[in-house]
Structures are given as C-alpha cells and as structure tokens.
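Colleague: Before we start, here is the structure in question, set down as structure tokens.
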Amino acid sequence: MARRKKFRIPGLTFSYKRAFGITKAKRKVARFTGIPTSRSGRRAKIGRMVTGGCLLSVISYILIFVGCIGLIIWLI
C-alpha cells in the first residue's frame, strides 16, 4: 500500500523550536563559542582540527617547549 503524502502549503509550516526561540539561542551559543551544535558539525570541526594542522602545531609547540626545558635542565 502506498503512503499518502501530507497536504502542505509551502511557507506555512510550524516549528515549536522556532516559536520558543530555541533555534535562535542555539545559533547564538554556537557563534559565541565557535562550537557547532549539530553532531555532524562537531565531527567536521574536529576533523578539520586534526587534519588541518591545528592539533599538530599545538603538539609540536609543546614538544619544543618540553625539549627546551629539558636542555636547560641538562646544561645546569
């Protein structure tokens, strides 16, 4: 048996999240913190951080810092 399509008038849909301001609040939080609110957005951001070099550069800076501290301690 085929499913019947619901009769909808374009542009006259209702969203309780938009009506209560939930969508706007989530959008504001995401813009302020820079962290996406959707699961796929968070995964994409983490993927960009790992492959884009952000995480690699942080790790390299930490290793250089620890190496310098170790060298200073070794020379003293």
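The values are calculated or read from the model by the stated rules, or taken from the named source; none is laboratory data. On a predicted model such as this, the values are computed, not experimentally measured, just so you know. For neighbour counting, all protein chains shown are included, and Cβ atoms are generated from backbone atoms with ideal geometry for every residue, glycine included.
Colleague: Report, ordered by the first and then the second residue, all pairs with beta carbons closer than 6 Å, sequence separation of six or more or different chains, a first member in region 48-76 that is modelled with pLDDT of 80 or more, and a second member that is not in a helix (DSSP H, G or I).
Modeller: Within 6 Å, no pair qualifies.
Colleague: Can you confirm whether Ser40 is loosely packed, with under 10 Cβ neighbours inside 10 Å and at pLDDT 85 or above? Break it down into steps so the answer makes sense when it comes.
Modeller: On the way: loosely packed, with under 10 Cβ neighbours inside 10 Å: yes; at pLDDT 85 or above: yes.
Taking the combined requirement at face value, the residue satisfies it.
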